[in-house]
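So the structure is just underneath, and the comments pick up after that.
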Amino acid sequence: MKSQMQHENTPRGMDRRAFLKLSSALAAGTAFAGSFFRVNADEHINFGNPILVDTDPRVEVKYSVCLQCHSACGIKCRIVDGILTRIEGNPYHPNTLEPHLPYATDPAEAKAISGKVCAKGAAGVQTIYNPYRIKEPLKRVGPRGSGQWETISWEQAFQEIGDRLKALRDLNNPIDPEAPELGPRVNKVLFTGGRNEHGQKEFTDRFWGNSFGTTNKRHDHTSVCETSHHVAYEIALGNKDFGGKTSEKASTDLANCEFVIWFGSDPMAANFPFVAQSRKAINLLSRGGKLAIVDPRYNVAASKAHWWLPIIPGTDAALALAIGRWIIDNNKHNLAFLQRPHDGAANPTGELNTTDATFLVKIVDGHEAGFLRADEAGLEGGTSDQFVVWANGGAAIYNTVDAAELLPGEVTVNGIPCKTAFQIYADETRSRTIAEWSQICGIPEETIVEVARELTSHGRKVSVEFYRGPAKHTNGTYNGWCIFTLNTLLGNFNWKGGHAFGGGHWHETGGKPGNKFSPKTVVGGVSPSGIQFTRVKAKYEESSEYQKKVALGQNPFPAKRPWFPFANHFNYQE
């Protein structure tokens, strides 16, 4: 009986004798493993010796840029006897130290100062000395997928690759004479580097595009990473007829913000530039600011936040619409900002921007059918370039009034039923009760109300931020659009402590067009022609395939391959 009893500390389903045998084996294995790994480590590290400080004469300091993620933080590398022993933050770099050292600081003085670096950056030492790191070119010598490779010299690699490229650099003869839109044969060469860093992509674009001549100069990863985020921003900001300037990114002014709702992409463990962002988020909390984290996972930021909202994945739009409904129902939206229809309108509140919230939208068969134009409205002197608003009880050309109505209900102009853009949005938020939105997204109604109330309690020193979490779904663009619109309700764009545009990227040296050192400029270079392999920004209806089928009286659909005329952010999955 006793021999069959399970010891209280042994794994379930294993008797004590078997457990002891396994433990002995593991102990022996651990002893062997320690010896095994010490061989690799001893090659570069002398355990037990004192760690040399950066100012020690034996220590050499090298400054570089980290490539362990997309943040491209400056790094300070400690070299002892030719061996990299430590990676820290470059104190001259704004990502790693705030404020960073003045660039005039003597390097000898800077030697004793370090910035911050994240764990991934510090792990660059392991990357350098990884025993499995590929240091020489490998050439496949067996069938694809066989795993058969041989090591060759760099000289051989350059020669063989160069010979193949030279044979394909035909800038004159078409790939297919019957499909001239494909361009010259040089377009058979395609470069795809995944995610090319800033400074790298400018060089590779210059080489493959303006030197070598292929239109397939770079197929970037963006479409499988973050396109929904970018498109959401562009849709929300893209009324070009209204003078709108599209943008694919904006960021919270964390240095001055008082409350942030963060959808996805943990600001204390992800996104970029991570070190600077996490530092600013921690500083926000340290000075009394508040944070709400929307993420199914209890991440690092959630552990520090005032609210964690464990949303059902993909339902971010429902939560955003619920918050939007509470804001509108309680008259917490920024009337002065939203009612101002043009830049020349009276501006007693010092608004920095205008919106199309008051513009009338045509309603045809119960559906929105585009903005109403002044000529359609029958307004005197009105043109097709002018929008229409509802002001003082009637229709007016948008830039002839200082303020217009947001919620006039459905109105009829020249026989055309219309609603304002804001009315359409408000109606959508009210298409369900907050309790119903709550049921969809999995966040309790009382939490939604509490967070919405906090969001409207700090003036414009608030922001709603999102990135890949809500974006990585088939409805990602709509998730992002609904989230971003909360900032519009608050009118916080480019206000101190609000949601700011621009300045999110340290431009590479000479990267600006017109600079004589610009890496994008090639003296005597070529201009690639033809559609890209992925058929982005190209219309099937303009292709030879389509036109031939039509000429033969055939149904042109479906195409042999899909076309993507609206894909402005690459098409990596193709």
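The values are calculated or read from the model by the stated rules, or taken from the named source; none is laboratory data. Every value quoted in this text rests on a predicted model; they were computed, and no experiment measured them. Neighbour counts run over all protein chains shown; Cβ positions are idealised from the backbone, glycine included. What goes into the accessible areas is simple: the full protein's heavy atoms, side chains included, and nothing from ligands, DNA or RNA. Shrake-Rupley method; radii C 1.70, N 1.55, O 1.52, S 1.80 Å.
Whole number in Å², please: accessible area per residue of region 268-307, 1.4 Å probe, ligands, DNA and RNA not counted.
For region 268-307, the per-residue accessible area is 45 Å².
Just list whichever of Lys116/Lys496; Lys188/Lys472; Lys120/Lys201; Lys290/Lys332; Lys280/Lys461 have alpha carbons separated by over 24 Å in the model shown.
In this structure, Lys116/Lys496; Lys188/Lys472 exceed 24 Å between Cα atoms.
Would you mind counting up the charge near Trp149? Only other residues with Cβ under 11 Å from its Cβ, with Lys and Arg at +1 and Asp and Glu at -1.
0
What does the accessible area per residue of region 67-194 come to in Å², with a 1.4 Å probe and no ligands, DNA or RNA counted?
Value for region 67-194: 64 Å² per residue.
What is the spread of the Cα atoms of region 178-276 along each of their three principal axes, largest first, in whole Å?
For region 178-276, the Cα extents along the three principal axes come out at 59, 37, 21 Å.
Can you give me the pair-distance distribution of region 286-349, C-alpha pairs, 5 Å bins, whole percents?
For region 286-349, the pair-distance distribution reads 4, 14, 15, 14, 15, 14, 11, 8, 4, 1.
What is the local net charge at Arg297, summed over the other residues whose Cβ is closer than 15 Å to its Cβ (Lys, Arg +1; Asp, Glu -1)?
0
Leaving out ligands and nucleic acids, and using a 1.4 Å probe, what accessible area per residue does region 405-477 come to in Å²?
Solvent-accessible surface per residue comes out at 44 Å².
Return the FRET efficiency for the residue pair Thr85, Leu165: r is the Cβ-Cβ distance, R0 is 51 Å, and the value is rounded to the nearest 0.05.
So, using R0 = 51 Å, E works out to roughly 0.80.
Charges on Cβ only, +1 for Lys and Arg, -1 for Asp and Glu, centred on the Cα centroid of region 142-278; of Asn210, Ser247, Pro184, which one is farthest towards the dipole's positive end?
Towards the positive end, the residue furthest out is Pro184.
If we count chymotrypsin sites (Phe, Trp or Tyr not before Pro) as exposed when they sit in a DSSP loop and have at most 10 other beta carbons within 10 Å, what is the longest stretch of the chain that avoids them all?
After excluding every exposed loop site, the longest remaining stretch is 133-516.
For the pair Glu178 and Gln200, what calculated FRET efficiency results from E = 1/(1 + (r/R0)^6), where r is the Cβ-Cβ distance and R0 = 45 Å, to the nearest 0.05?
It comes to 0.75.
Using Cα-Cα distances under 8 Å and only pairs 6 or more residues apart, what relative contact order does the chain have, in percent?
Taking the mean separation of contacting Cα pairs over the length of the chain, I get 15 percent.
For the chain, which whole-number percentage of the solvent-accessible area (1.4 Å probe, protein heavy atoms only) is attributable to carbon and sulfur atoms?
That fraction is 54 percent.
Step by step: find N for the chain, compute 2.2 N^0.38 Å, then divide the Cα radius of gyration by it. What's the final number?
Scaled against compact globular proteins, the figure is 1.22.
So between Arg453 and Glu368, what do we pick up on full extension, going 0.36 nm a residue minus the alpha carbon distance?
Difference between extended and current length: 27.5 nm.
Could you tell me the ratio Rg/Rh of region 67-182? Both radii from Cα atoms, Rh via Kirkwood.
Radius of gyration over Kirkwood radius for region 67-182 works out to 1.20.
If each of Ala123 and Phe557 carries a label point 7 Å out from its Cα toward its Cβ, how far apart are those two points in nm?
Computed distance between label sites Ala123 and Phe557 equals 4.8 nm.
If one computes P(r) from the Cα atoms of region 331-403, what percent of pairs lie at distances over 19 Å?
Tail of the P(r) past 19 Å holds 37 percent of the pairs.
Bin width 5 Å, origin at 0, all Cα-Cα pairs of region 419-466: what percent of pairs per bin?
5, 18, 17, 22, 25, 12, 1
Label Leu407 and Lys139 with points 7 Å out from Cα along Cα→Cβ: what is the distance between them in nm?
Here the modelled spin labels are 7.3 nm apart.
Out of all Cα-Cα pairs in region 382-473, roughly what percent, to the nearest whole number, are more than 18 Å apart?
Taking all Cα-Cα pairs of region 382-473, the fraction more than 18 Å apart is 66 percent.
Hey, if you put +1 on the Cβ of every Lys and Arg and -1 on every Asp and Glu Cβ in region 223-330, which of Phe263, Ala292, Leu321 ends up farthest toward the positive end of that dipole?
Comparing the listed Cα positions along the dipole, Ala292 ranks first.
According to a simple spin-label model (label point 7 Å from Cα along Cα-to-Cβ), what is the distance in nm between Thr55 and Gln156?
Result: 5.2 nm between the two label points.
What does DSSP give for the chain in terms of the percent of beta bridges that are antiparallel, rounded to the nearest 5?
Among the beta bridges of the chain, antiparallel pairing accounts for roughly 70 percent.
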